[in-house]
Amino acid sequence: MVQSRLPAAPAPEFDVETLKSAFLAASHAAKARDDAASATALAEARAALGRGLSGLAEAASLVSAFELPELPPLAKLPDALWGPCFTWLLAFPAQPPPGRAEALGKHLVRRYEELAGWMERNLAAPAVREAADAYLASSPPPLETLRTPERVAVQRARGRILRRVLGAAALETRPARARASRALRLGLLHARLDREAATFATLARCALLDPRRIEVHIVTFEEPEAALRARLEAGAATVHLLPEALAARIHALRSLDLDCLLFADELSPHPQPLAQLASLRMAPLQLAFGPRTTGLAGIDLLVAGELDSPAPQPRDCLERLALLPGCSAAWDCSVDRPADCPPVSRALLGFAEDQPLLLASAPVSPDHEKLARWRRLLAETPHATLLLIPEPGRETAESIRSFIYSAALPNLVLHEAPADHAALASLLALGDLGIDLSGPAAALALETGLPLILMAGQAEAALLRVAGLGENILPDADARLAELHHLLAHREALAARRARVGAAMETLPRFADHYALAADFAALLEHAHDELVSRGPGRFRRDRAPLRLATPHSLHPGDLHAEGLALLAEARPERAVPCLLSALQRAGADPALWFDLARAYRAAGQALPAIESLEACLRLHEGNAAAWRLLCELAAEAGNHDLAREALGIAASLAAEHPELAALRARLDA
């Protein structure tokens with residue numbers, strides 16, 4: 001039976017305001033703790049629990065709530081304390097103390113499910129609303145710190161809470177419409193477009209989407225930087241700014257009449273503001289990228305990669321899985337890589353040329369487990385230095401500096417944040433090995449030839465699988481440490497490993513081929529949309545079989561060459577250029593590819609890269625008369641008549657009777 005009112009709470013004598021202040025102060029203290037409570041503090045807290053409300057407040061001042069599984073349920077508290085007490089119940093350090101992740105996960109599940117149940121039974125009660133407000137203002141710990149069972153349960157309960165908060169706003173939009181020959185209308189929702197991994201991931205997968213297949217609408221809360229807006233609009237995307245109020249945002253999104261909506265930022269456990277929107281229905285098909293379930297009712301598909309590490313499993317996802325070829329990790333940082341990056345050297349950084357230099361990304365929150373691994377590594381390799389590099393353009397928080405310096409390791413060095421990704425790439429080029437580089441830094445490291453030595457559970461290990469560098473993935477910390485010892489002790493083995501990375505990257509692995517990534521993503525969207533239309537939303541969303549592409553976009557250079565020629569024949573040089581560049585990464589010694597790339601550049605109005613492509617073609621096949629004739633035309637158009645006459649002379653010596661020669665001579669003599 002649905003409960004219509006809260007149970008009667010005990011009414012001892014107590015000072016409400018004093019207890020409210022005590023719980024709020026305890027919540028601040030809980031956020032600041034970076035270690036587990038001592039046995040003495042736990043014993044004192046448990047003893048205090050037997051002394052009623054004042055004892056509960058005393059216990060709160062001693063330990064974090066997740067360390068006391070015997071805490072009473074909300075129903076045992078007076079109505080006036082639900083909000084302040086729930087604020088303390090959901091107050092955690094940025095990183096759980098070592099060994100306490102399981103306790104934290106179980107505590108979160110209990111409290112989230114408790115709140116969800118009360119909201120479903122009695123949302124109108126002031127005490128329930130105060131507890132809900134406390135939840136909405138909370139800052140949950142990172143999802144990756146929780147075990148899979150607790151993570152799934154937490155996300156499921158979060159979805160229940162948000163559905164109840166949003167109420168009537170969660171109405172179904174129009175049904176999916178058959179695609180026929182029209183382009184799909186895709187919305188890409190970012191809270192903000194800035195120089196972060198989520199934006200670079202959007203550029204990698206979506207900047208080269210074919211506008212004849214996918215009509216892109218970028219939706220964001222804030223005006224993006226000019227360079228980012230220009231890059232997106234160059235790919236025929238339309239940028240929309242959303243208003244501030246939630247109701248107005250819902251109306252604006254539904255007014256775009258989208259077929260698909262991708263929540264392009266991480267949908268972390270935090271409830272606002274993206275998670276609220278992702279709990280609603282704004283488009284017939286809604287997606288999110290990520291290795292972990294979102295638990296949100298509005299997400300139909302969780303997009304991951306077939307080689308992701310760790311690979312998401314259908315049993316652990318509340319959404320249906322959609323699997324892309326390769327991995328889901330991909331970033332395009334070129335917009336943040338200016339050409340005038342100042343040079344950097346080991347000498348400038350104070351490192352000797354023969355000093356082993358290991359590189360890792362600086363943590364964004366205290367990570368005790370990672371620090372313990374670093375401590376052990378540096379203790380066993382005292383001649384090596386581990387350089388921690390923050391995200392480009394991001395000042396390191398003082399709390400992180402203190403956390404790192406507390407290790408008191410002279411060979412653990414925190415670098416200042418590089419200005420941009422060009423500066424980051426130059427830093428990475430100085431290293432010997434990368435061990436805990438994350439996000440775009442990991443991809444840039446491989447691009448510079450830096451070997452990454454990773455463990456099987458690390459997300460960036462998927463990059464190595466896609467690149468065919470599986471020997472650099474070790475099963476655990478002990479195996480990785482042994483491999484690092486071996487490589488640092490045998491410089492010839494390290495040089496061979498670096499050469500392997502360079503060779504693998506020269507062939508442009510799928511995660512680095514943005515043309516192929518966009519083609520695969522477009523095909524996945526079309527496949528998902530067509531299945532949604534044909535089967536209906538109910539059957540489509542209930543299906544637990546992962547959605548896959550039958551045929552990933554071919555990376556064979558011959559197939560790409562043929563595709564590029566077809567695009568040229570359709571008068572689409574802006575599409576032919578990246579297609580042919582993709583082919584050249586895998587067959588750079590093919591003069592015919594260089595010649596057709598020059599034709600594509602010329603048709604796109606880019607004379608200089610067209611001339612450079614022709615020069616590459618002629619270095620490989622000096623007897624290509626057609627290339628000399630085209631070079632003559634391009635040089636003449638650029639006003640370089642000396643080069644034009646030289647090219648014309650060579651073209652005439654190779655094919656004297658060609659009918660174009662007379663027109664070229666007349667043009668140069670005019």
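Any read-out appearing in this document is the output of simple, stated calculations on the displayed coordinates, not a laboratory observation. All values derive from a computational prediction rather than experimental measurement. Cβ coordinates were reconstructed from backbone atoms using ideal geometry, including for glycine residues, and neighbour counts include every protein chain displayed.
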- Item | Cβ-defined net charge surrounding A467, 12 Å radius [Lys, Arg +1; Asp, Glu -1] | -2
- Among rounded, prolate and oblate, which fits segment 544-670 when a ≥ b ≥ c are the square roots of the eigenvalues of its C-alpha gyration tensor, a/c under 1.5 means rounded, and a/b larger than b/c means prolate? prolate
- Given a Förster distance of 22 angstrom, what is the FRET efficiency for A419 paired with A352, based on the Cβ-Cβ distance and rounded to 0.05? 0.30
- Order of L664, L424, L454, L654 from fewest to most other C-beta atoms within 10 Å? L654, L664, L454, L424
- Query: Where nothing but the Cβ of Lys and Arg (+1) and of Asp and Glu (-1) is charged, how large is the charge dipole of segment 16-169 around its Cα centre, in debye to the nearest 20?
  - Reply: 460
- Dipole of the chain (Lys/Arg Cβ +1, Asp/Glu Cβ -1, origin at the Cα centre): which of L377, P72, F221 lies farthest to the positive side? P72
- Using only Cα atoms, what is the ratio of the radius of gyration of segment 184-329 to 2.2 N^0.38 Å? 0.99
- Could you rank the peptides 533-540, 217-224 by their average count of other C-beta atoms within 10 Å per residue, with the highest value first? 217-224, 533-540
- Query: How big, on average over all directions, is the shadow cast by the Cα convex hull of segment 16-169, in nm²?
  - Reply: 8.7
- Query: Tell me, S653, S181 in order of fewest to most beta-carbon neighbours within 10 Å?
  - Reply: S181, S653
- Message: Calculate the FRET efficiency for E233 and D133 from the Cβ-Cβ distance with a Förster distance of 35 Å, rounded to the nearest 0.05.
- Response: 0.30
- Query: Quick one: net charge of L565's neighbours, Cβ under 14 Å, K/R +1, D/E -1?
  - Reply: -2
- Query: What spacing in nm lies between the two simple spin-label points modelled at A495 and D210, each 7 Å away from Cα in the Cβ direction?
  - Reply: 4.7
- Query: Once the dipole of the chain is set up with Lys and Arg at +1 and Asp and Glu at -1 on Cβ about the Cα centre, which of A288, A362, I453 lies farthest towards its positive end?
  - Reply: A288
- Task: Between the alpha-carbon centers of segment 598-625 and segment 329-397, tell me the distance in whole angstrom.
- Result: 40
- Query: Relative to the longest principal axis of the chain, what angle (0 to 90°, nearest 10) does the C-alpha long axis of helix 148-166 take?
  - Reply: 80
- Note on the structure: Projected onto the charge dipole of the chain (unit charges on the beta-carbon of Lys, Arg, Asp and Glu, signs +1, +1, -1, -1), the Cα from A598, Y112, S334 with the largest positive-side position is that of Y112
- Could you grab the relative contact order for segment 385-514? Cα pairs under 8 Å, six or more apart, rounded to a whole percent. 19
- Message: Rounding to the nearest 10 and keeping the result within 0 to 90°, find how far the Cα-based axis of helix 641-654 lies from the longest principal axis of the chain.
- Response: 70
- Message: Nothing charged except the Cβ atoms of Lys and Arg (+1) and of Asp and Glu (-1): what's the magnitude of the dipole of the chain about its Cα centre? Round to the nearest 20 debye.
- Response: 2240
- Note on the structure: Answer in debye to the nearest 20: the dipole magnitude of segment 557-669 about its Cα centre, from +1 Lys/Arg and -1 Asp/Glu charges placed on Cβ, is 80
- Query: Which angle from 0 to 90°, rounded to the nearest 10, does the C-alpha axis of helix 126-136 make with the longest principal axis of the chain?
  - Reply: 30
- Interchain or long-range residues, amide H under 5 Å from L547's placed H: L321, A322, L323
- Message: Would segment 207-259 count as rounded, prolate or oblate if I go by the C-alpha gyration tensor, calling it rounded below 1.5 in a/c and otherwise prolate when a/b exceeds b/c, oblate otherwise?
- Response: oblate
- Query: What 222 nm value per residue comes from the helices of the chain, counting each DSSP H run with n ≥ 4 as -39,500 (n - 2.57) and dividing by all residues, nearest 500 deg cm²/dmol?
  - Reply: -15000 deg cm²/dmol
- Message: Tell me which GluC sites (Glu not before Pro) from segment 60-105 have a DSSP coil assignment and no more than 12 other beta carbons within 10 Å of their own.
- Response: E70
- List the relative contact order of the chain as a percent without decimals, with contacts defined as Cα pairs under 8 Å and 6+ residues apart. 9
- Note on the structure: Per the 1/(1 + (r/R0)^6) rule, R0 = 22 Å and r from the Cβ atoms of S534 and A180, FRET efficiency to 0.05 is 0.95
- Query: Can you pull out the GluC sites (Glu not before Pro) in segment 541-602 that DSSP calls coil and that have at most 13 other Cβ atoms within 10 Å?
  - Reply: E570
- Show me 52-60, 595-603, 28-36 ranked by packing, highest mean number of other Cβ atoms within 10 Å first. 595-603, 52-60, 28-36
- Semi-axis lengths, Å, the chain, gyration tensor of Cα atoms, sqrt of 5 times eigenvalues: 54, 33, 20
- Relative contact order (%) - criterion: Cα under 8 Å, at least six apart; region: segment 16-169: 27
- Item | Relative exposure of R497, R346, judged by other C-beta atoms within 10 Å (fewest first) | R346, R497
